[in-house]
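A quick write-up on the structure given underneath.
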Amino acid sequence: MKAVIQKVSGAETIVDGELVSFIKKGIVIFLGIAIDDVDNDIDWLINKITKLRIFNTFDNNINDVKGEVLLVSQFTLQANILKGNRPSFIKAAKSELAKTMYDEFLKQLNENLYTELKSGIFGADMLINLSNDGPVTIIYDSSLKLKK
């Protein structure tokens, strides 16, 4: 499971010209789910994201500042570009599995936030507008987590 976290001063998702969701100060999480991701990856990633100190000169996390969160599914994070010029998405989870894991991620993340969680529409062709604040962009890959 890969996540790109961007600290933002504002962000919105638009589908078919309609505003789906928007946030003010907070973070946008782009989430890519792989074929071999498991529930432990969700737990690990949510723990990392909610404790990530990127606010107020890297002293506070999203809950400390009561920032808003926008979650967006993005299977292209699982792209393999080592061979050729066309990305391969062979390691991306198929839609049914990805949707199940995305929904579980959304549910668990919501339970760990002090603010309302917003999201895009899973599988939709979305326009994402955001103002990266800092800029601060952090990348997590649960396949690289340390084994206990």
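See the values below:
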read-out: Too-long pairs where the Cα-Cα distance tops 22 Å, listed order kept, from Lys25/Lys51; Lys48/Lys118; Lys48/Lys94; Lys2/Lys48; value: Lys48/Lys94
read-out: Vicinal HN-Hα couplings computed from phi for the stretch 120-129 (Karplus, 6.51 cos²θ - 1.76 cosθ + 1.60; Hz; Gly/Pro x); value: x, 10, 4, x, 7, 7, 10, 9, 10, 10
read-out: DSSP-defined beta bridges in the chain - what % are antiparallel, rounded to 5; value: 75 percent
read-out: 1.4 Å probe accessible area per residue over the stretch 94-144, in Å²; value: 63 Å²
read-out: Global geometry of the stretch 11-79, whether rounded, prolate or oblate, following the gyration tensor of its Cα atoms and the 1.5 cut on a/c; value: oblate
read-out: Note, ³J(HN,Hα) from phi for the stretch 22-35, Karplus 6.51, -1.76, 1.60, rounded to Hz, x at Gly and Pro; value: 8, 9, 9, 4, x, 9, 10, 10, 8, 10, x, 9, 9, 5
read-out: In the stretch 55-148, the GluC sites (Glu not before Pro) that fall in loop regions by DSSP, at most 15 other Cβ within 10 Å; value: Glu116
read-out: Fully extended contour minus Cα-Cα distance, from Lys24 to Asn85, at 0.36 nm per residue; value: 18.3 nm
read-out: ³J(HN,Hα) computed for each position of the stretch 64-79 - Karplus, 6.51 cos²θ - 1.76 cosθ + 1.60, integer Hz, glycine/proline x; value: 4, 9, 6, x, 8, 10, 10, 9, 10, 6, 8, 5, 5, 5, 8, 5
read-out: Solvent-accessible area, 1.4 Å probe, carbon plus sulfur percent, for the stretch 1-91; value: 51 percent
read-out: Radius 14 Å from Cβ of Asp37, net charge of other residues (Lys, Arg +1; Asp, Glu -1); value: -3
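The values are calculated or read from the model by the stated rules, or taken from the named source; none is laboratory data. Quantities reported herein were computed from a predicted structural model and do not represent experimental measurements. Positions of Cβ are backbone-derived with ideal geometry, glycine not excepted, and every protein chain shown enters the neighbour counts. Only protein heavy atoms, including side chains, enter the accessible area calculation; ligands, DNA and RNA are left aside. Shrake-Rupley method; radii C 1.70, N 1.55, O 1.52, S 1.80 Å.
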